[in-house]
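The values are calculated or read from the model by the stated rules, or taken from the named source; none is laboratory data. This one's a predicted model, so the numbers in the text were calculated from it and none came from an experiment. Every residue, glycine as well, gets a Cβ built from its backbone with ideal geometry; the counts of neighbours run over all protein chains shown. The accessibility values were calculated without ligands, DNA or RNA, using every heavy atom of the protein model including side chains. Shrake-Rupley method; radii C 1.70, N 1.55, O 1.52, S 1.80 Å.
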Amino acid sequence: QTQLVESGGGVVQPGGSLRLSCVASGGISSSNAMNWFRQAPGKQREWVATISRGGSTNVADSVKGRFAMSRDNAKNTVYLQMASLKPEDTAVYYCNTFLLPVGNYWGQGTQVTVSS
């Protein structure tokens, strides 16, 4: 079954850190361009970070200097390392890739809550 499965979310205090993982399977390779998005309650889903096929990364301005994306192709997994977390980072985080002929693939999401 072609799928993306996220994990690693949880409840963390402001200033804390978390590492999210996204395991790809069923024909999706983590060496593909992969993305992280997030969706906070009552808000639209927003892009957070991308890692290209060549390994270059890019992150949204709102998380620059705090979040970093990486991959381990041997594990077919991409990661989102999050540090200095803020309450406004609270959201469901989704892994995403685009693969023809289907198009966009999304994981089920993992909840991140930043609260004291």
Candidate cut points under trypsin sites (Lys or Arg not before Pro) in segment 24-83, DSSP loop plus at most 11 other Cβ atoms within 10 Å of their own Cβ, are LYS43, ARG53, LYS64
In units of 2.2 N^0.38 Å, the Cα radius of gyration of the chain is 1.00
Rounded to the nearest 10 Å², the accessible area of GLU6 using a 1.4 Å probe with every protein chain kept is 10
With the 8 Å Cα cutoff and a minimum separation of six or more residues, the chain has a relative contact order in percent of 36
Expected unfolding gain across GLN3-LEU99 under the 0.36 nm per residue rule, minus the alpha-carbon gap, is 33.4 nm
Karplus-derived 3J(HN,Hα) from phi for segment 107-116 (6.51 cos²θ - 1.76 cosθ + 1.60, θ = phi - 60°), whole Hz, x at Gly and Pro, runs x, 7, x, 9, 7, 10, 10, 10, 7, 8
The percentage of the accessible area of the chain (probe 1.4 Å, all protein chains present) made up of carbon and sulfur atoms, to the nearest whole number, is 50
accessible surface per residue for the chain, probe 1.4 Å, DNA/RNA/ligands not counted, whole Å² -> 51
Projected area averaged over all directions for the convex hull of the alpha carbon atoms of segment 58-116, nm², comes out at 5.2
If each part is reduced to its alpha-carbon centroid, segment 84-104 and segment 36-71 end up apart, in Å, by 7
